[in-house]
Amino acid sequence: MSLQFEMQMVSLRFEAKKRCIEFWVKMLRMEGKRLVRMVMLEAMGLRGKVKWIENLKQSLEEIGWMGVGMEELGRLSNGEVVKMLRDCVWRAVKESWAVQAEQHSKLKLKW
């Protein structure tokens, strides 16, 4: 953890969540009749029956994006969405590091 902090590296867990969310945002923004988009929208309608939807919701909650809707994302460019996502992931990473530092008394972080 401390080496990642010193090198400003995001842990693999957060990088995977970020890339997963980027992928699904891209799928949601696709044009109407694309098969991947249609399957995704159908799976989203099955609420609670599809594991990857639950994992996606958990990832969104973890980085603070649970209330962000497609209307908001639709008004932003892909670059703006990626930057906003990256910033939110970094905030979540720093919070995670702070919690870990508190649990291990030798690792006090000062922000």
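Looking at region 75-91, which of its residues are of a type in the set (A, V, I, L, M, F, W, C) and either modelled with pLDDT under 80 or exposed (fewer than 12 other Cβ atoms within 10 Å of the Cβ) (or both)? Once the filter is applied, which keeps residues that are of a type in the set (A, V, I, L, M, F, W, C) and either modelled with pLDDT under 80 or exposed (fewer than 12 other Cβ atoms within 10 Å of the Cβ) (or both), region 75-91 yields only 76.
Among the residues of region 20-39, which ones are over 17 Å from the mean Cα position of the chain (by Cα) and aliphatic (A, V, I, L, M)?
Residues satisfying the conditions are 30, 35, 36, 38, 39.
Residues in region 29-53 that are closer than 22 Å to residue 85 by Cβ and at pLDDT below 80 were compared, and the one that is surrounded by the most Cβ atoms within 10 Å (Cβ to Cβ) is 53.
The values are calculated or read from the model by the stated rules, or taken from the named source; none is laboratory data. No experiment lies behind these values; they were computed from the predicted model shown. Note that each Cβ is placed from the backbone with ideal geometry, even for glycine, and that neighbours are counted across all protein chains shown.
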